[in-house]
Amino acid sequence: MGTVTIPVTAPACDVWWAAPSAASPALLALLDEEERRRHARYQQAADRDRYVVAHALARLLCAEEAGCAPEEVGFELRCGHCDRPEPHGKPHPVGPAAGLEISISHSGGRVVVALTRQVPVGVDVEEVRASRDIDGLGDYVLTPTEQAALKALSGRERVSGFFTYWARKEALLKATGEGLAGGLTSVEVSGPDTTAAVLSWNSPAAPADVALEDLEAGEDYRAALALLAPGPVRVRVHDAAALLSAG
Ligand SMILES: CC(C)(COP(=O)(O)OP(=O)(O)OC[C@H]1O[C@@H](n2cnc3c(N)ncnc32)[C@H](O)[C@@H]1OP(=O)(O)O)[C@@H](O)C(=O)NCCC(=O)NCCS
Ligand SMILES: [Zn+2]
């Protein structure tokens, strides 16, 4: 196979991985009031840790990219679906970090934040859980063609294949900002054993250009990245451990 050369002019996306175990009082102190309220509402320590690491990391990355202090970075949550008064939906950096685009995801022992300039981005990581009722969730997550492709797989491949589909589709819906309200079956993607690609997208929010890639997240995880830009994309992957322990 030949090497694919990605032009330096291609849009760049930085993907930062972290572990929930990086959670600390110093990182909690970086969160704004609304985030701290949401953090306190989680009953499980594991949920609180994923939340604080993800949101502190997003703020630290935006501050570094915008050249400002972390407390100057704000996130406006925008939902295009409903007018529920409580802030929710896709986070958009505001203040000195306006113009940056981010996406946050957390599952099990993984936290990931993707950051670009101007290009809308969506990232999703899913822990592969054999306990999930894959057949029961089929109609909600997969189109008939995707369900048939998944049925052709067996055992562990079928379970991990389901999460490959899920991560690819959710990354796309997070890039547009629709989230699950957009409907996971509105978009059809390539099968789990083939290169990530969008095959069709039946939604008013469907973009003209989209780049979809799988991300490596370890054996028990499936992850994907979507950018609303024509491909190829320069994806730079980083480990956030040092940044978080310094913060
Ligand atoms: C939020 C959602 C997109 C993420 O799914 P998930 O796999 O459970 O969680 P992930 O860890 O991958 O992603 C969560 C992050 O996505 C981001 N997010 C939330 N809504 C988003 C949206 N519409 N578009 C893009 N990103 C979104 C947030 O940063 C969130 O982080 P937080 O929970 O720490 O605040 C999905 O659960 C969803 O759409 N939920 C909303 C359903 C709903 O309540 N609809 C009614 C109101 S519109
Ligand atoms: Zn809403």
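The values are calculated or read from the model by the stated rules, or taken from the named source; none is laboratory data. For clarity, every value in this text was computed on a predicted model and none was experimentally measured. Virtual Cβ from ideal backbone geometry, glycine too; neighbours counted across all protein chains shown. Note: accessible area is taken over every heavy atom of the protein model, side chains too, but ligands, DNA and RNA are not part of it. Shrake-Rupley method; radii C 1.70, N 1.55, O 1.52, S 1.80 Å.
For this structure, a couple of remarks:
- Restricting the range 192-201 to residues that are in a loop (DSSP other than H, G, I, E, B) and at pLDDT 95 or above, the residue that is least open to solvent (accessible area, probe 1.4 Å): Ala196
- The lone exception for His81 - which of (1) open to solvent by 30 Å² or more (accessible area, probe 1.4 Å); (2) touching a helix residue (DSSP H, G or I) at 6+ places or on another chain (Cβ under 6 Å); (3) outside any loop (DSSP other than H, G, I, E, B); (4) within 9 Å of ligand 1 (Cβ to nearest atom) it fails: (3)
- Any chance Arg234 is of a type outside the set (Gly, Ala, Ser), under 17 Å from Ile6 (Cα atoms) and out of contact with any Leu (no Cβ under 8 Å at 6 or more places or on another chain): yes
- Against the list (1) open to solvent by 40 Å² or more (accessible area, probe 1.4 Å); (2) modelled with pLDDT of 95 or more, the condition Leu227 fails is (1).
- Some residue of the range 22-30 being polar (S, T, N, Q), surrounded by 14 or more Cβ atoms within 10 Å (Cβ to Cβ) and farther than 30 Å from Pro230 by Cβ: yes
- In the range 84-97, the qualifying residues are those that are in contact with a helix residue (DSSP H, G or I) (Cβ under 8 Å, 6 or more places away or on another chain) and not in a loop (DSSP other than H, G, I, E, B), and the one that is nearest to ligand 2 (Cβ to nearest atom) is Lys90.
- Hits in the range 215-247 - residues which are of a type outside the set (A, V, I, L, M, F, W, C) and over 27 Å from Val52 (Cβ atoms): Pro230, Gly231, Pro232, Arg234
- Test: residue in the range 54-66 that is under 30 Å from Leu150 (Cα atoms), of a type in the set (A, V, I, L, M, F, W, C), in contact (Cβ under 8 Å) with a residue 60 or more places away in the chain and not in a strand (DSSP E or B): no
- The range 151-183, residues that are without any contact (Cβ under 8 Å) to a residue 40 or more places away in the chain, within 16 Å of ligand 2 (Cβ to nearest atom) and open to solvent by 50 Å² or more (accessible area, probe 1.4 Å): Leu180
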